Amino acid sequence: MGYGLTWLAARGLDRTAVHHALQLRPSGAREEIAEAEYDGAQLPTGWYLVVAQSDALYGEGGEIGRQLSRGGEVVCCLVEEHVMVSAASCWRDGRMVWRVLHDPEKGLDHLSLEGDLPAGAAAMVTEAQAEAKANTELDHVFDTPCHIAKLVTGYRHDEDIAGAGPDPYEVLEEM
């Protein structure tokens, strides 16, 4: 089946402000795995996370991060395993800091890089592109944006949130 989701993590912004900006509200229900249309979670790294089972939190090039990041920092991530497209972007005070996009229609080794990538990201990019050149039948670059987003926030969509307890996700409802 595969993942088809977006997530964003905000730092320096109150979770109530994040909910308000995204037109979401807590429902009181909790989940072990983010399966509702929208879920929120406080990450041990200090970031507040919102996960959507759609492309709702990424928008055009992660632009939702630009709007939400005024007064803070936002990392947005898009994971679409059905077409093997992935992207991540970081926004601070309304400006893009970096953006990474993998689109296999432009080649299995395709990786578009913009801005100042976080420390450690260059090594991830180099390794993924070397693997892609060594084996041209598999997509070794797809996970790179997700790895870079995790490098910054500590979150990855297909891993448990370390130290977050049994039901770390709070179901969020649209207002």
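Coordinate-derived values only; no laboratory data. No experiment lies behind these values; they were computed from the predicted model shown. Don't worry about glycine lacking a Cβ; one is built from the backbone with ideal geometry, like all the others, and counts go over all protein chains shown.
Residues in the range 28-59 that are hydroxyl-bearing (Ser, Thr, Tyr) and crowded, with 21+ Cβ neighbours inside 10 Å: 38, 48, 58.
Yes/no matrix, rows are residues, columns are (1) closer than 16 Å to residue 153 by Cβ; (2) basic (Lys, Arg); (3) assigned to a strand (DSSP E or B):
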residue	(1), (2), (3)
64	yes, no, no
70	no, yes, no
87	yes, no, yes
99	yes, yes, yes
108	no, no, no
113	no, no, yes
119	yes, no, no
123	no, no, no
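When residue 149 is tested against the conditions (1) of a type in the set (A, V, I, L, M, F, W, C); (2) in a helix (DSSP H, G or I); (3) in contact (Cβ under 8 Å) with a residue 12 or more places away in the chain; (4) surrounded by fewer than 14 Cβ atoms within 10 Å (Cβ to Cβ), the lone failure is (4).
Looking only at residues that are out of contact with any strand residue (DSSP E or B) (no Cβ under 6 Å at 6 or more places or on another chain) and crowded, with 16+ Cβ neighbours inside 10 Å in the range 60-71, which one is farthest from residue 18 (Cα to Cα)? Ranking the qualifying residues of the range 60-71, first place goes to 61. Assess whether residue 129 counts as being touching a Gly at 6+ places or on another chain (Cβ under 9 Å) and in a helix (DSSP H, G or I). When the stated conditions are applied, residue 129 does not pass them. Can you work out which of the residues in the range 1-19 that are closer than 15 Å to residue 43 by Cβ and assigned to a helix (DSSP H, G or I) is farthest from the chain's Cα centre (by Cα)? The residue in question is 15.
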